[in-house]
1. Of all the helices (runs of 4 or more DSSP H) wholly in segment 10-105, which have at least 3 residues that are modelled with pLDDT of 95 or more?
2. Test ARG1 against the criterion of being farther than 30 Å from THR99 by Cβ, out of contact with any Ser or Thr (no Cβ under 7 Å at 6 or more places or on another chain) and modelled with pLDDT of 90 or more, and give yes or no.
3. How many residues does segment 30-49 hold that are of a type outside the set (Lys, Arg) and open to solvent by 100 Å² or more (accessible area, probe 1.4 Å)?
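The values are calculated or read from the model by the stated rules, or taken from the named source; none is laboratory data. Since this is a predicted model, take the numbers as computed values, not measurements. Using ideal geometry, Cβ is built from the backbone for each residue, glycine included, and neighbour counts are taken over all protein chains shown. We work out accessible area using only protein heavy atoms, side chains counted, and drop any ligands, DNA or RNA first. Shrake-Rupley method; radii C 1.70, N 1.55, O 1.52, S 1.80 Å.
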Amino acid sequence: RQPDRVAVVTLAMAAGPPPPLEPSPLPTFAEEGFGEKFLRKTRENPLVPLGCLCTVSVLAYGLISFRKGNTRRSQLMMRARVLAQGFTFAALLGGMMATAIKSRQ
């Protein structure tokens, strides 16, 4: 069986030199600052920043209510916060799906 192995190695070597081990160069993008990127992402999916703002607002109001001793309103705001977070997450997933569908077309 030794001759079979030698024949396989010889055929592989006859196919040519092995491919280079250097990775292909990464694509380069123009420098984009935080503000520019934030505005671009907000234009692409405006519901995510809106959901984040809503979540933070409800959270702040709930914490203020808790500090004032209004536990009923505080509990209501914490439940509303969970709903706002769910909305934000759904908006994020929806935007990702829309971007994926656009890139396929």
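1. 47-68, 71-104
2. Considered against the rule, which asks whether it is farther than 30 Å from THR99 by Cβ, out of contact with any Ser or Thr (no Cβ under 7 Å at 6 or more places or on another chain) and modelled with pLDDT of 90 or more, ARG1 comes out as no.
3. 5
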